[in-house]
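Data first, discussion second: the structure below is written as structure tokens.
The values are calculated or read from the model by the stated rules, or taken from the named source; none is laboratory data. Because the structure is predicted, anything quoted here is derived from the model rather than measured. Please note: Cβ atoms are built from the backbone with ideal geometry, for glycine as well, and neighbour counts cover all protein chains shown.
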Amino acid sequence: MRYNRAVAIKVFQYPACSTCRNALKWLAAAGVAHDKVDIVKQPPTVAQLARAATLAGVSPKKMFNTSGESYRAGDFKTRLATMSDAEALAALAADGKLIKRPLVLGDDVALVGFKPDDWQRALT
């Protein structure tokens, strides 16, 4: 499905993240309307994360930034094995640095992380 370019998507991103900056450049070059949201200052809600997981076709556990400091400090490598999806979503909503970024959320599209080919298929 092609994304309606006239409707802005939300891009939850972290300004200090080079991957996020590259993704924002990609969106600008592709002419995709978007609203930036600082994922640390204003993390997505549990409902937004649940919808993103469904639209992206991924488990909430696959939405974790496994290379981040919050992931390591919270011992999520061990904890995720026994967490329910609801617990995983609550943890993600409580700390935006836990979320694999950028996270794109639109009316009918969600993307977790930046893979240009996936973004090309979904957003142009």
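Which residue out of A73, A53 is under 24 Å from K41 (Cβ atoms), among the aliphatic types (A, V, I, L, M) and more than 15 Å from the chain's Cα centre (by Cα)?
Values: A53 fails: more than 15 Å from the chain's Cα centre (by Cα).
Criteria check complete, one pass: A73.
So which of A29, A81, A47, A88 ends up being touching a Pro at 6+ places or on another chain (Cβ under 9 Å) and either within 21 Å of V109 (Cα to Cα) or in a helix (DSSP H, G or I) (or both)? Steps first, answer last, please.
Working: A29 fails: touching a Pro at 6+ places or on another chain (Cβ under 9 Å); A81 fails: touching a Pro at 6+ places or on another chain (Cβ under 9 Å); A47 fails: touching a Pro at 6+ places or on another chain (Cβ under 9 Å).
Unique residue meeting the criteria: A88.
Does D95 fit the bill of being in contact with a helix residue (DSSP H, G or I) (Cβ under 6 Å, 6 or more places away or on another chain) and surrounded by fewer than 22 Cβ atoms within 10 Å (Cβ to Cβ)?
yes
Kindly indicate which of R72, R51 is within 25 Å of A122 (Cβ to Cβ), charged (D, E, K, R) and either surrounded by fewer than 18 Cβ atoms within 10 Å (Cβ to Cβ) or free of Cβ contacts under 8 Å to residues at least 40 places away in the same chain (or both).
Residue meeting the stated conditions: R51.
Out of the residues in the stretch 6-26 that are over 17 Å from P116 (Cβ atoms), assigned to a loop (DSSP other than H, G, I, E, B) and of a type outside the set (F, W, Y), state the one that is modelled with the lowest pLDDT. Don't jump to the end; show me each part of the working.
Going through the stretch 6-26, the residues over 17 Å from P116 (Cβ atoms) turn out to be 6-8, 10, 12, 14-16.
Cutting the leftovers down to assigned to a loop (DSSP other than H, G, I, E, B) gives us 6-8, 14-16.
This time we only want the ones that are of a type outside the set (F, W, Y), so: 6-8, 15-16.
Details: A6: 56, V7: 64, A8: 78, P15: 95, A16: 94.
Looking at residues that are over 17 Å from P116 (Cβ atoms), assigned to a loop (DSSP other than H, G, I, E, B) and of a type outside the set (F, W, Y), I get A6.
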